[in-house]
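Inspection log for the structure reproduced underneath, given as structure tokens.
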Amino acid sequence: MASPVTIRPVVSKRDRRTFVDLPFRLYRDDPNWVPPLKGEALGLITPEKNGWYSHAKAQLFLAERSGQVVGRISAHIDTLAQEMPVERGFGPGSGQWGLMEAEDEEVFRTLVASAEEWLRSQGVTRAIGPISQSIWEEPGLLIEGFDHPPTVMMGHAKPAYRGWIEAAGYQPVKQLMTYELDITQEFPPIVQRIIKSGEKNSRIVVREVDKTRFDEEAAIILSILNDAWSDNWGFVPLTPPEIKDVGVKLKPIVFNDLIRIAELDGRPVAFMITLPDLNEPLAGLNGSLLPFGWAKMLLWLRRPKARTMRVPLMGVVKELQSSRIASQLAFMMIEYIRRAAVTHYGATRGEIGWILDDNQGMRSIAETIQSRVNKVYQVYEKTL
């Protein structure tokens, strides 16, 4: 007879390190899991180091059996998410769980029951998960695309998790998709014609960002993002502490020619952010920059050579989203970055997303440039 599973809250620095260490054991035989840097993973669950906690609270749990840690989960409440309209994903009474890993289904059931109990004690009536932890970090459970590693800032999971979650009474509420494409090939003739037409339009300027004016450029992009994404499912505005965190995290992998801002009549109206896939150099470091990882990473950051480029964010201001010019600006930015990625970084593959399953505009753009869905992430909900 198997020993019982016990659950205890994370209360110390040592507990947090144990929380971070668990996936390294559970995924050690999975060639498609990319070990995160342990220091960064610790920062995400440490309130003093993560600006998300300025408007959220969380309780982490560890599961143990026979003295060994066999699972983990986070239950959390985002006060800004609770202020959002219900039809946009969260809303009053909503809470989330995430960062879930479990050795088997019994462990999972015990973990999720503990998360639900904590959420109920905080007045939550609807649990949504997995959200790990912010919508801007790693939302959703991987349900398709287990045969290749995720790109930077995307999650991985065990195929069994889907069945366990659904058996626990959770219903799918939203899918998030990523699209991949061969960026060594030129886009179809219709896309090239749209791009050339835009280049003849004197009202349009598509420029590179200037990293020496990082804060100013970031403010422009954030303004467009908050407008462009404000009606999207799951949208929660980034706060100043989070913006600071994102800046620190992303600045080392920001390159001028991979991020574009489109201007119409001199006004910024669209942007596209592309990042070299940091998971490629991280894959061999086993979660640590010591003893020689620092040197390898610094050399890579000086001029990264990456097979894959990921587009985590694109946006066009709402007033233009139903116009033809919106897709024209998108195609122009995608093409200019494609050329730079291939020429300057040796990239051969692009990944766009995540994209919400009901975002027909972005899905149409992805399909028009002949990309295909390569990963699907699912978010679930349950009434408590």
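Filtered by the rule that a residue be hydrophobic (A, V, I, L, M, F, W, C), surrounded by 13 or more Cβ atoms within 10 Å (Cβ to Cβ) and closer than 23 Å to residue 116 by Cβ, segment 11-28 gives 19, 22, 26. Summed over segment 71-119, residues that are of a type in the set (S, T, N, Q) and under 19 Å from the mean Cα position of the chain (by Cα) total 2.
Every residue, every condition in (1) buried (at least 17 other Cβ atoms within 10 Å of the Cβ); (2) at pLDDT 95 or above; (3) hydrophobic (A, V, I, L, M, F, W, C), yes or no:
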site: 4; (1), (2), (3): no, no, no
site: 9; (1), (2), (3): no, yes, no
site: 30; (1), (2), (3): no, yes, no
site: 62; (1), (2), (3): yes, yes, yes
site: 65; (1), (2), (3): yes, yes, no
site: 76; (1), (2), (3): yes, yes, no
site: 79; (1), (2), (3): no, yes, no
site: 86; (1), (2), (3): no, no, yes
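Within segment 48-101, being in a strand (DSSP E or B), among the acidic types (Asp, Glu) and under 22 Å from residue 380 (Cα atoms) holds for 78, 101.
In this structure, is residue 89 of a type outside the set (Ser, Thr, Tyr), in contact (Cβ under 8 Å) with a residue 12 or more places away in the chain and at positive phi? Yes: the conditions hold for residue 89. Applying the set (1) under 20 Å from the mean Cα position of the chain (by Cα); (2) at pLDDT 95 or above; (3) not β-branched (Val, Ile, Thr) to residue 137 leaves exactly one unmet item: (2).
Yes or no, residue by residue, for (1) surrounded by 14 or more Cβ atoms within 10 Å (Cβ to Cβ); (2) modelled with pLDDT of 95 or more; (3) outside the structural domain of residue 277 (by TED's automatic domain parsing); (4) touching a helix residue (DSSP H, G or I) at 6+ places or on another chain (Cβ under 9 Å):
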site: 165; (1), (2), (3), (4): yes, yes, yes, yes
site: 168; (1), (2), (3), (4): yes, yes, yes, yes
site: 187; (1), (2), (3), (4): yes, yes, no, yes
site: 196; (1), (2), (3), (4): no, yes, no, no
site: 204; (1), (2), (3), (4): yes, yes, no, yes
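Against the definition (of a type in the set (D, E, K, R), within 19 Å of residue 154 (Cβ to Cβ), outside the structural domain of residue 91 (by TED's automatic domain parsing) and exposed (fewer than 14 other Cβ atoms within 10 Å of the Cβ)), how does residue 307 come out, yes or no?
Working: of a type in the set (D, E, K, R): yes; within 19 Å of residue 154 (Cβ to Cβ): yes; outside the structural domain of residue 91 (by TED's automatic domain parsing): yes; exposed (fewer than 14 other Cβ atoms within 10 Å of the Cβ): yes.
Judged against the criteria, residue 307 is a match.
In the set (1) assigned to a strand (DSSP E or B); (2) touching a His at 6+ places or on another chain (Cβ under 7 Å), the condition left unmet by residue 205 is number (2). A single member of 114, 134 is assigned to a loop (DSSP other than H, G, I, E, B) and closer than 25 Å to residue 18 by Cα, and it is 134.
In the set (1) in contact (Cβ under 8 Å) with a residue 60 or more places away in the chain; (2) over 28 Å from residue 170 (Cα atoms), the condition left unmet by residue 323 is number (1).
The values are calculated or read from the model by the stated rules, or taken from the named source; none is laboratory data. In this text the structure is predicted, and so the values were computed from the model without any measurement. We place every Cβ from the backbone using ideal geometry, glycine too, and count neighbours over all the protein chains shown.
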